[in-house]
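These notes concern the structure reproduced below.
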Amino acid sequence: MKHFALAFLAEGKSFFQFIARYSAFWLVYFLLCRAVFILYHATQLKTVPATTVMGAFFYGFRIDLSTAGYLGVIPLLIWFIHTLFPSKYTKKVITGYTTFMLMLVALITTSDMEIYRAWGTKLNALAIGYLRYPKEALASMSSSPILLLVAICIGLSLAGYFLYRKVFGLSFAVSSRSFSVVVSRFILFIVCSGILVLAIRGGTGLAPMNPGFAYFSNFQFANHAALNASWNLMYDLKHFFKHKNNQFVYMSDDEMHERIDRLMGGKRPNDTEHILTTSRPNIIVIILESWTADVIGSLGAEKGIAPYFDELAAQGILFTDFYANGYRTSFGIAAILSGFPSTPEGSILNRPNKMERLPTLAGTLKANGYATSFYYGGDTHFDDMNAFFVHSKFEAITDKSSFQAKDLNSKWGVHDHILFERVLSDLSRQSEPFFSAMLTISSHEPFEVPMNTVFKGNDQPSLFKNAVHYTDKSLKTFFDNARTQAWFKNTLFILVADHGSILPLHRQNTYPERYRIPLLLYGDVIRKDLRGSKRGVTGSQSDIPATICSQLNLPEKEFVWSNNLFNTNRNNFAFYIFSGGFAMLTNGQIVLYNTTANKTILMDNQQQTDKQSAETLKDGQAYLQNLYQQYSRF
């Protein structure tokens, strides 16, 4: 045992020294690349504070470490084989691999700098795609400083090679191959591999490494400087090729535009019913995790699951035929706060170069004098949400990192009552008018909540109902305390779910019941004659931005996919996507279509003819085709 321990310690020093020196080399090299990127865009430094620019190095470190982890996998494997079967060629192989990767990273970094100068975006799959057109690509490069870029690329390659050979030189000496030594090497290889996996993933948290980790500033240049160019390109290519063959072309562009104009009311006047007593209220959006209509008694569900919500509904305006645009939180966030529907490509939040093209409700309100803030009890880096919140111009972003360790009692972060307490505390000091959005967390799996059990049973439906009931109780406490605040009487509250759920009734994943969610407008700013009313218009989350802007007499045109719910001339419909397809809903009409198999799943023509059902399908196809065209152009 003593011999094994000594062997393990000796070999451990060798293994850890190898991985540490090799990773450190890449980390220093990435710092150099980032510095060159910043200097290349020196004109940006006139408008971005120096401290913010320096922050790019700090916030980019974790992505640099992830990239170094990827690059270290092959050398670690070669080193491990070398410790078992020493070879004089090992050093040459690792040096050759590293030299090749250095030149590749230098090329990516240099290309990224010029693409950013020309397009204002990081090097991505769209830019790579233009290599299919070499003549046009060369033409577009005519104004680029080719000689300077070549010099930078060569300089970065040589500097990296010098760092590797002279500063971070590796030792390839190998000791004996006794039994205890060989066993130690196997164990250490597994341990070091685990370290690289942690580096690649970004740690042990729920959120794996994503571009949101680099977003920290309202200055997009600083965020882009923090993004490792090589890592970002790999990430973008991965998401691009995921659905590269799905073009969703069902008709001519002329027919598509004709149908979209009719759907979105392009040729009809916008005649808005004003429901507020003021055009400048405070606005609080409460996004409720997984709150399906199947837990809302006032929407026909079992009574008692969310009784306080029903109390609020009796004094507000409740929409009874309202739907989520997708099935994940990131889909709902994009729809609610940007008016952008979900696409089969996945959430636009996962594509930063596209997400940055979105208009945002917070940005519009901030430009009109509103203070803005966002609150989430979990990790905002999860599913790339942080990058979106920064882009949205939220001036204050609060997540679980802002709370004390004693409050982190949920698997995801802090429970809802703690989040609500923080919101109230902050808003008591907030200047008016303000726009504050928050996302609850406790009704997310595993449904563990700090409350005595109300719905008995350990089955998923019972646990889910308990979790919703807990959030409902937290809402009551929140509103009871909010009513004591001076800002309460001038505040519009919007309560909406981020998405629906198959629970508690085990709904089918594709059917509308799975996507039907509550939307409630509440507050003293709502006209008294409208309080306690229900609206049966068919709508979805993406309709919220235009609806809010219209009530504030603000332009809503930039939210091109948002259909004002209070426009008396609106065409009532909802569109949502599920895995492998989409649904188009109108009043009394449901069409589900599988985009993978290109076939209809369901046509439920409760109030229309088969011919009208076919027209609804064509409308849905036109909607998806146009949506995907815009998404692809972003």
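The values are calculated or read from the model by the stated rules, or taken from the named source; none is laboratory data. Since we're looking at a predicted model, the values are computed, not measured. Glycine gets a Cβ as well: all are built from the backbone with ideal geometry, and neighbour counts include every protein chain shown.
Just one of the listed residues (F566, F559, F575) is at pLDDT 85 or above, surrounded by fewer than 23 Cβ atoms within 10 Å (Cβ to Cβ), within 25 Å of K366 (Cβ to Cβ) and in contact with a helix residue (DSSP H, G or I) (Cβ under 7 Å, 6 or more places away or on another chain), and it is F566. Identify, please: which residue in the range 369-389 is modelled with pLDDT of 95 or more and closer than 21 Å to R357 by Cβ and is, among those, farthest from the chain's Cα centre (by Cα)? Going through the qualifying residues, I end up with T372. The combined condition, being modelled with pLDDT under 95, touching a strand residue (DSSP E or B) at 6+ places or on another chain (Cβ under 7 Å) and buried (at least 18 other Cβ atoms within 10 Å of the Cβ), is fulfilled by T510. Put simply, of S542, S533, S550 the only residue that is surrounded by 23 or more Cβ atoms within 10 Å (Cβ to Cβ) and modelled with pLDDT of 95 or more is S542.
In the range 538-582, the qualifying residues are those that are in a loop (DSSP other than H, G, I, E, B) and among the acidic types (D, E), and the one that is farthest from the chain's Cα centre (by Cα) is E556.
Please go through the range 77-100 and pick out each residue that is closer than 26 Å to R201 by Cα, touching a helix residue (DSSP H, G or I) at 6+ places or on another chain (Cβ under 9 Å), hydrophobic (A, V, I, L, M, F, W, C) and surrounded by fewer than 21 Cβ atoms within 10 Å (Cβ to Cβ). Residues satisfying the conditions are L77, I78, F80, I81.
Answer yes or no as to whether F331 is touching a Leu at 6+ places or on another chain (Cβ under 7 Å) and either in the same structural domain as L227 (by TED's automatic domain parsing) or in contact (Cβ under 8 Å) with a residue 60 or more places away in the chain (or both).
Working: touching a Leu at 6+ places or on another chain (Cβ under 7 Å): no; either in the same structural domain as L227 (by TED's automatic domain parsing) or in contact (Cβ under 8 Å) with a residue 60 or more places away in the chain (or both): yes.
Here the answer is no, as F331 does not meet what is asked.
Residues that are at pLDDT 90 or above and either touching a Gly at 6+ places or on another chain (Cβ under 8 Å) or surrounded by fewer than 24 Cβ atoms within 10 Å (Cβ to Cβ) (or both) within the range 219-229 comprise A225, A226, L227, N228, listed in sequence order. Taking the criterion of being part of a loop (DSSP other than H, G, I, E, B), of a type in the set (A, V, I, L, M) and surrounded by fewer than 22 Cβ atoms within 10 Å (Cβ to Cβ), the residues of the range 468-504 that qualify are A486, I502.
So, V105, is that one in a loop (DSSP other than H, G, I, E, B), buried (at least 16 other Cβ atoms within 10 Å of the Cβ) and either modelled with pLDDT of 95 or more or in the same structural domain as G202 (by TED's automatic domain parsing) (or both) or not? For V105, the condition - in a loop (DSSP other than H, G, I, E, B), buried (at least 16 other Cβ atoms within 10 Å of the Cβ) and either modelled with pLDDT of 95 or more or in the same structural domain as G202 (by TED's automatic domain parsing) (or both) - is not met. Hey, among the residues in the range 264-285 that are aliphatic (A, V, I, L, M), modelled with pLDDT of 95 or more and not in a loop (DSSP other than H, G, I, E, B), which one's surrounded by the fewest Cβ atoms within 10 Å (Cβ to Cβ)? Checked the range 264-285; the qualifying residue surrounded by the fewest Cβ atoms within 10 Å (Cβ to Cβ) is L276.
Please pick out the residue among F37, F61, F16, F25 that is surrounded by 14 or more Cβ atoms within 10 Å (Cβ to Cβ), closer than 22 Å to G212 by Cβ and in contact (Cβ under 8 Å) with a residue 60 or more places away in the chain.
F37
Annotation note: of L627, L585, the sole residue that is touching a Pro at 6+ places or on another chain (Cβ under 7 Å), at pLDDT 90 or above and not in a strand (DSSP E or B) is L627. Among residues of the range 213-228 that are outside the structural domain of V36 (by TED's automatic domain parsing) and at positive phi, none has a beta-carbon under 6 Å from a residue that is buried (at least 21 other Cβ atoms within 10 Å of the Cβ) and of a type outside the set (K, R) at least six positions away or on a different chain. Within the range 286-315, the set of residues being part of a loop (DSSP other than H, G, I, E, B), crowded, with 24+ Cβ neighbours inside 10 Å and more than 26 Å from the chain's Cα centre (by Cα) comprises I296, A306.
Exactly one residue out of D261, D254, D236 is surrounded by fewer than 20 Cβ atoms within 10 Å (Cβ to Cβ), at pLDDT below 95 and of a type in the set (D, E), and it is D261.
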